[in-house]
Amino acid sequence: MYKKRMTDIQRKVVLAFAENDMKMTLTAKAVPCHLSTLANYMQVIKGKYGLDPKCFYDLCELVKIAREDA
């Protein structure tokens, strides 16, 4: 479906965001990165896939993509 593959950091961010109940602060600690860096990663993911990781249903699709790319 999506021809663009996720980078390792994008995959890690998407999966950590889902595992941490969509909480940015907990995800930033899990990745680990600064909160503003995490926000930047989220914007890049949104631009690349057209899916907003902060929207639950879009995040579910992104998790599927991340697991397929793994």
Proximal aspartates and glutamates to LYS54, defined as alpha-carbon separation beneath 17 angstrom and excluding residues fewer than eight positions away on the same chain: GLU19, ASP21
Dipole size in debye (nearest 20) for the chain around its Cα centre, Lys and Arg Cβ +1, Asp and Glu Cβ -1? 180 debye
All-pairs Cα distance distribution in the chain, expressed in whole percent, bin size 10 Å: 23, 61, 16, 0
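Computed from the coordinates by the stated procedures, all read-outs in this text should not be read as laboratory data. Just so we're clear, the structure is a prediction, and the values are computed from it rather than from any experiment. We place every Cβ from the backbone using ideal geometry, glycine too, and count neighbours over all the protein chains shown.
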